[in-house]
Amino acid sequence: MKCNFELPASNGCQLHPRQTCSIVGQQPIVEPETLEGTVAVSFSRDVAVIGGCGHVGLPLALTFADSGLRTVIYDINLRAVDEVRAGRMPFHEDGAEKMLGRVLLRETLELTTRPDPLSQCRYIVLIVGTPVDEHLNPTFSGIIKVLDACLTYAKGKR
Ligand SMILES: NC(=O)c1ccc[n+]([C@@H]2O[C@H](COP(=O)([O-])OP(=O)(O)OC[C@H]3O[C@@H](n4cnc5c(N)ncnc54)[C@H](O)[C@@H]3O)[C@@H](O)[C@H]2O)c1
């Protein structure tokens with residue numbers, strides 16, 4: 001199988017301008033790039049989803065992995081990570097468990113409870129909660145906590 005597709009840059013994630021990668025079989029080939037003010041870096045994984053065992057993160061990660069992207073889920077919920085690794089969805093989502101079985105078989109999805117593998121991921125998607133305070137304003141402490149834990153593992157453009 002050979003196909004080309006693009007990751008949209010306008011979806012709210014902090015992606016570089018529209019970039020293309022090729023998929024041959026199940027091995028996406030992503031060329032190292034040099035952008036102005038950056039050094040060329042290469043990555044062994046395509047995308048990480050932080051909070052990837054959640055209601056939004058898991059379907060997204062499964063969709064990435066099922067399209068052939070080498071996908072990493074980083075989540076601090078040990079129990080959910082174990083469930084997903086074992087091929088079980090931690091919540092109901094139509095069609096997701098079949099998709100999970102496929103991506104585990106194809107080895108396009110891996111799960112971690114530690115942030116280290118993030119350094120090997122070309123794109124990082126962050127999907128953790130922003131619960132509201134007593135005035136119903138969103139709080140960003142969860143996001144700041146994740147960034148504190150993960151920034152060391154980001155490489156390339158800062
Ligand atoms: N669920 C929805 O229908 C929906 C719709 C629109 C927007 N949202 C928003 O999307 C965001 C995520 O929602 P959700 O429903 O997926 O939440 P969720 O609670 O189901 O998932 C969040 C995941 O993040 C993980 N997590 C928390 N802190 C972490 C950390 N420091 N490092 C790594 N992983 C961490 C949790 O273990 C959990 O698995 C929220 O801001 C929510 O408001 C959700």
Exercise. List the residues whose amide H sits under 5 Å from the amide H of Arg122, counting only those 5 or more places along or on another chain, with H placed 1.01 Å from N in the peptide plane.
Key: Arg45, Asp46, Val47
Quiz item: What is the extension gain from Glu107 to His92, computed as 0.36 nm multiplied by their sequence separation minus the C-alpha to C-alpha distance, in nm to one decimal?
Solution: 3.2 nm
Quiz item: Tell me, what HN-Hα J-couplings in whole Hz come from the Karplus equation 6.51 cos²θ - 1.76 cosθ + 1.60 at θ = phi - 60° for each residue of region 59-76, using x for Gly and Pro?
Solution: x, 5, 4, 5, 5, 4, 5, 6, 8, x, 6, 6, 10, 10, 9, 10, 8, 8
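Sorted from fewest to most neighbouring beta carbons within 10 Å, what does the list Thr63, Thr130 look like? Write out the running numbers ahead of the final one.
Details: Thr63 14, Thr130 11.
The most exposed by this proxy come first: Thr130, Thr63.
For region 44-153, what does the relative contact order come out to in percent, with C-alpha contacts under 8 Å and a separation of six or more?
In percent, rounded to a whole number, it is 31.
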Quiz prompt | Electrostatic dipole magnitude of region 57-117 [Cβ: Lys, Arg +1; Asp, Glu -1; Cα centre; debye, to 20] | solution = 120 debye
Quiz prompt | Positive-end residue of Val128, His92, Leu104, charge dipole of region 50-134 with Cβ unit charges | solution = Leu104
Quiz item: Just how many % of Cα pairs in region 44-153 lie over 25 Å apart, if you round to the nearest whole percent?
Solution: 20 percent
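What is the local net charge at Pro59, summed over the other residues whose Cβ is closer than 11 Å to its Cβ (Lys, Arg +1; Asp, Glu -1)?
Details: positive: none; negative: Asp66, Glu93, Asp94.
Result for the local shell: -3.
Values in this text are rule-based calculations from the coordinates and carry no lab data. Computed from a prediction, not measured in an experiment: that's the story for all the values here. Backbone-built Cβ (ideal geometry, glycine too); neighbour counts: all protein chains shown.
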